[in-house]
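These notes are about the structure you will find just below.
The values are calculated or read from the model by the stated rules, or taken from the named source; none is laboratory data. Everything numeric in this text was worked out from a predicted model, so none of it was measured. FYI the Cβ positions are ideal-geometry reconstructions off the backbone, even for glycines, and counts take in every protein chain you see.
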């Protein structure tokens, strides 16, 4: 007895319909949504990717190319000369004094700025009546650009027209006008004061976010156990505030090691190159007389490697502490 096949769509009897087996199934709605979301994500990320490529990746690649080339500011690329640029940079008589001063300035600025910012954050956090007024008044300097703030303090520090010396003389604090930028020590501390005034509000805001993340029940439990204010600060506030303090430390150290605007405007590296930072030295190599972009690029590469290593160590320490 022969086997009968079901009728095909065309009505022919005895011929099996093979079309459904060879037809490709339509994509599922979930897959289409996933593809659409991926395309939408790439569209959102494309402007940022273009900006990062144009203003970061390509300049870094160009600096790497310059660092191994005899590249003058006006003469252009005259060929490879690796590793001559790096050896000349390491033999520069101004390099190690600039490194020492930059490290000294970084340590002073980081310690003083974070201490002041933490104190201001605690004051604003504890205050209830004047919290908004204090927060606004402390954050006002952060709205001013660093170059503008440096020009403002340059006018304040001026011996000829600045108001600080007359005010201090009238109050009896000093007996004769002070040269705020005339000696290495006074220039350093005057610049540190400027940076603390300018950035204290910004770091205070970061630390306040960390303070607000500490639950009130933790403090209440400590008070019930008989802990005083000093013990609460040392054993509760500081340990729980450690991630915020670590973030502030990383930002402050990186910004201080790359200091340029404030010293360029206030001191120009003087007196007698005593306030010359590493970034100022890079600028001098590239534009101020030497016009050697190859050496400047080589020093820039060294600074970048040091910053990457330093930030890696800081992130590793932070992660270890959190674990």
Going by the structure shown, is residue 140 within 30 Å of residue 213 (Cα to Cα) and out of contact with any helix residue (DSSP H, G or I) (no Cβ under 9 Å at 6 or more places or on another chain)? no
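Consider residue 150 carefully, then state whether it is under 21 Å from residue 256 (Cα atoms), in the same structural domain as residue 261 (by TED's automatic domain parsing), surrounded by fewer than 19 Cβ atoms within 10 Å (Cβ to Cβ) and in contact (Cβ under 8 Å) with a residue 40 or more places away in the chain.
Here the answer is no, as residue 150 does not meet what is asked.
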Free of Cβ contacts under 8 Å to residues at least 24 places away in the same chain and closer than 16 Å to residue 190 by Cα, is that true of residue 111? yes
Looking at (1) on the phi > 0 side of the Ramachandran plot; (2) outside any loop (DSSP other than H, G, I, E, B), can you tell me which one residue 297 breaks? (1)
Name the residue, out of 259, 288, that is farther than 25 Å from residue 114 by Cβ, not in a helix (DSSP H, G or I) and not assigned by TED's automatic domain parsing to the domain that holds residue 77. 288
Yes or no: segment 100-112 includes at least one residue that is surrounded by fewer than 14 Cβ atoms within 10 Å (Cβ to Cβ) and more than 24 Å from residue 284 (Cβ to Cβ). yes
Out of 255, 213, 270, sole residue that is surrounded by fewer than 19 Cβ atoms within 10 Å (Cβ to Cβ) and more than 30 Å from residue 100 (Cβ to Cβ): 213
Set 191, 185: member being surrounded by 15 or more Cβ atoms within 10 Å (Cβ to Cβ) and either in contact with a strand residue (DSSP E or B) (Cβ under 8 Å, 6 or more places away or on another chain) or part of a helix (DSSP H, G or I) (or both): 191
Tell me, which helices (runs of 4 or more DSSP H) wholly within segment 82-154 include 2 or more residues that are under 23 Å from the mean Cα position of the chain (by Cα)? 95-126, 131-139
Does segment 239-256 hold any residues that are over 17 Å from the mean Cα position of the chain (by Cα) and in a helix (DSSP H, G or I), and which are they? 239, 240, 242
Per the list (1) at positive phi; (2) at pLDDT 90 or above, residue check on residue 154 breaks on (1)
